[in-house]
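The values are calculated or read from the model by the stated rules, or taken from the named source; none is laboratory data. These numbers were taken from a predicted model, which means no experiment stands behind them. Note that we place each Cβ from the backbone using ideal geometry, even for glycine, and neighbour counts take in every protein chain shown.
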Amino acid sequence: MVRPLDAWSNGCPPGLTISTDDIQRDLDRRKPGTSRHVTQRQESDHVEILSGVFEGQTTGTPIALLIRNEDARSRDYGNLVDTFRPGHADYTYWQKYGIRDHRGGGRASARETAVRVAAAAIARKWLREKYGVVIHGYLSQLGPLELAFKDWEAVGQNPFFSADPDVVAKLESFMDELRKAGDSVGARITTVAEHVPVGWGAPVYGKLDADLAAAMMSINAVKAVEIGSGFASVVQRGSEHSDELTPEGFVTNHAGGILGGISTGQDIVVTIGIKPTSSIRIPRRSIDKQGKPVTVETNGRHDPCVGIRATPIAEAMMALVLMIMRWYIGLKMPT
């Protein structure tokens with residue numbers, strides 16, 4: 001069965017030159033089956049533009065995109081008809097709606113994030129062309145392994161989105177052992193937006209950091225969001241954390257480029273924490289729909305670490321929030 005994924009990009013200004021190639025590049029970075037360290041589900045994630053673009057330019061009307069599922073295997077979920085996977089949304093969906101589609105995770109599946117990346121590709125291009133905003137992301141921690149930042153160029157040259165090329169072999173060995181064990185692990189992703197103008201966001205309602213936090217938390221499996229120094233701010237002194245100002249600009253960026261909910265003109269830095277994949281081969285205790293104890297062992301094709309493919313998704317949510325910010329700042333739309 002082919003079930004399409006639809007993305008509606010509403011509010012996109014007219015006159016932006018866009019093609020499927022612009023969108024496909026980001027989708028190819030996120031799609032499954034790109035290495036042995038992620039799910040082996042084979043999806044081309046080929047995107048089709050259905051509306052909102054005419055003769056290669058946006059018209060200002062809603063943009064509809066279509067991505068077809070090509071490699072769904074519902075039979076892999078046959079043993080979950082009456083049971084709930086620990087750590088997954090199965091239980092809460094059932095309690096809230098009284099019905100759930102057990103053939104995958106539905107909106108709780110990482111598959112849902114493909115449409116976010118597709119819609120955000122349009123936002124990224126507009127932000128780059130109109131304001132020079134550039135959005136990067138990289139894997140900053142895989143399980144217990146903390147990764148140093150060395151070079152943006154390295155990020156696109158390995159399957160982990162690591163900015164340190166020297167650690168890739170170690171990451172591969174770690175993931176090979178994890179996969180053999182049938183277990184999973186979490187990750188940390190750092191996203192940076194460069195050249196964001198000062199003044200984006202608003203006090204109290206429409207805070208840039210609040211909107212970014214909400215957007216990042218809406219990504220499947222995200223359990224933590226940090227802006228700037230984040231939780232490290234707890235142990236910092238005010239004399240260290242407060243970003244001093246000089247005639248040449250800010251000395252540091254512990255605030256992550258946002259003060260009072262408004263951009264400072266510095267790099268905006270957001271880090272997210274992603275939980276371990278809930279679908280694992282190791283037997284786990286759970287209950288069935290009647291509340292009786294059962295043991296759940298999930299087979300099929302799953303990412304041992306969903307965080308490995310999450311960098312383009314975090315970048316996408318950063319782009320979408322920054323695009324929306326134009327409504328708050330009250331700037332005239334560039335023509």
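Some notes on this structure:
- Count of residues meeting criterion [crowded, with 24+ Cβ neighbours inside 10 Å and over 9 Å from the mean Cα position of the chain (by Cα)] in the range 310-326: 3
- For E248, the requirement of being free of Cβ contacts under 8 Å to residues at least 60 places away in the same chain, farther than 30 Å from R124 by Cβ and among the charged types (D, E, K, R) is not met.
- Matching residues in the range 152-179 - criterion: being surrounded by 14 or more Cβ atoms within 10 Å (Cβ to Cβ) and among the polar types (S, T, N, Q): N158, S162
- Answer residue from the range 202-235, given it is among the hydroxyl-bearing types (S, T, Y) and not in a helix (DSSP H, G or I) and is farthest from the chain's Cα centre (by Cα) among those: Y205
- Any hit, the range 125-137, residues being touching a Lys or Arg at 6+ places or on another chain (Cβ under 9 Å), farther than 23 Å from D45 by Cα, modelled with pLDDT of 95 or more and loosely packed, with under 15 Cβ neighbours inside 10 Å: no
- First in the range 304-320 and closer than 12 Å to K275 by Cα, second anywhere and among the aliphatic types (A, V, I, L, M) and part of a helix (DSSP H, G or I), Cβ under 6 Å, 6 or more apart: P304/L178; V306/A110
- In the range 86-135, residue farthest from V269 (Cα to Cα) [restricted to those that are polar (S, T, N, Q) and in a helix (DSSP H, G or I)]: Q95
- Cβ pairs under 7 Å, 6+ apart, first in the range 79-96 and in contact (Cβ under 8 Å) with a residue 60 or more places away in the chain and within 10 Å of K289 (Cβ to Cβ), second of a type in the set (D, E) and part of a helix (DSSP H, G or I): F84/D90
- Flag if A193 is at pLDDT 95 or above, in contact with a helix residue (DSSP H, G or I) (Cβ under 9 Å, 6 or more places away or on another chain), more than 22 Å from A110 (Cβ to Cβ) and surrounded by 21 or more Cβ atoms within 10 Å (Cβ to Cβ): yes
- Comparison of G104, G52 shows that the only residue that is modelled with pLDDT under 75, at positive phi and surrounded by 14 or more Cβ atoms within 10 Å (Cβ to Cβ) is G104.
- Residue in the range 236-264 that is nearest to Y205 (Cα to Cα), counting only those that are in a strand (DSSP E or B) and of a type in the set (V, I, T): I262
- Test: residue in the range 252-268 that is modelled with pLDDT under 85 and touching a strand residue (DSSP E or B) at 6+ places or on another chain (Cβ under 7 Å): no
- Number of positions in the range 201-212 that are closer than 19 Å to H254 by Cβ and surrounded by 18 or more Cβ atoms within 10 Å (Cβ to Cβ): 5
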